[in-house]
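Report on one structure; see the data block that follows.
The values are calculated or read from the model by the stated rules, or taken from the named source; none is laboratory data. Just so you know, these numbers come straight off a predicted model, no measurement behind them. FYI the Cβ positions are ideal-geometry reconstructions off the backbone, even for glycines, and counts take in every protein chain you see. In case anyone asks, the SASA skips ligands and DNA or RNA and just uses the protein heavy atoms, side chains included. Shrake-Rupley method; radii C 1.70, N 1.55, O 1.52, S 1.80 Å.
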Amino acid sequence: MWARAVWVEGEKEVEGVVPVAWLKDGAVYWPPGVDAKKALQKKLTPLISWRKFTLQKIKIKSGE
């Protein structure tokens, strides 16, 4: 499943589509590095080393 979510990075709000597994406990987990494309395609399960951002809201969820 995927979700269109809004989260806070520093001082700005960011909106994007992420695997639902990346949304947990009021946070969005994001893989390290500048290119998250492979992690997005594989829908990897977040690791403790991933960056964590405050989740503002989930706009919509959808299945595959």
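For the chain, the mean residue ellipticity at 222 nm estimated from helices alone is -2000 deg cm²/dmol, where every DSSP H run of n ≥ 4 contributes -39500 (n - 2.57) and the total is divided by all residues, rounded to the nearest 500.
Temperature 25 °C, viscosity 0.890 mPa s: under these conditions the Stokes-Einstein estimate for the chain, based on its Kirkwood radius over C-alpha pairs, is 208 µm² per second. Average accessible surface for the chain: 71 Å² per residue, computed with a 1.4 Å probe over protein heavy atoms with every protein chain in place.
Remark on Arg51: its backbone amide H falls under 5 Å from those of Trp30, a criterion applied only to residues 5 or more positions apart or on other chains, H modelled at 1.01 Å from N. Close amide H contacts of Gln56 (hydrogens built in the peptide plane, cut-off under 5 Å, sequence separation of 5 or more or a different chain): Val6, Trp7, Val8. Model label points for Asp35 and Leu47, set 7 angstrom from Cα along the Cα-to-Cβ axis, are 1.8 nm apart. In the chain, the portion of solvent-accessible area held by carbon and sulfur atoms comes to 53 percent [1.4 Å probe, whole percent, DNA, RNA and ligands not counted].
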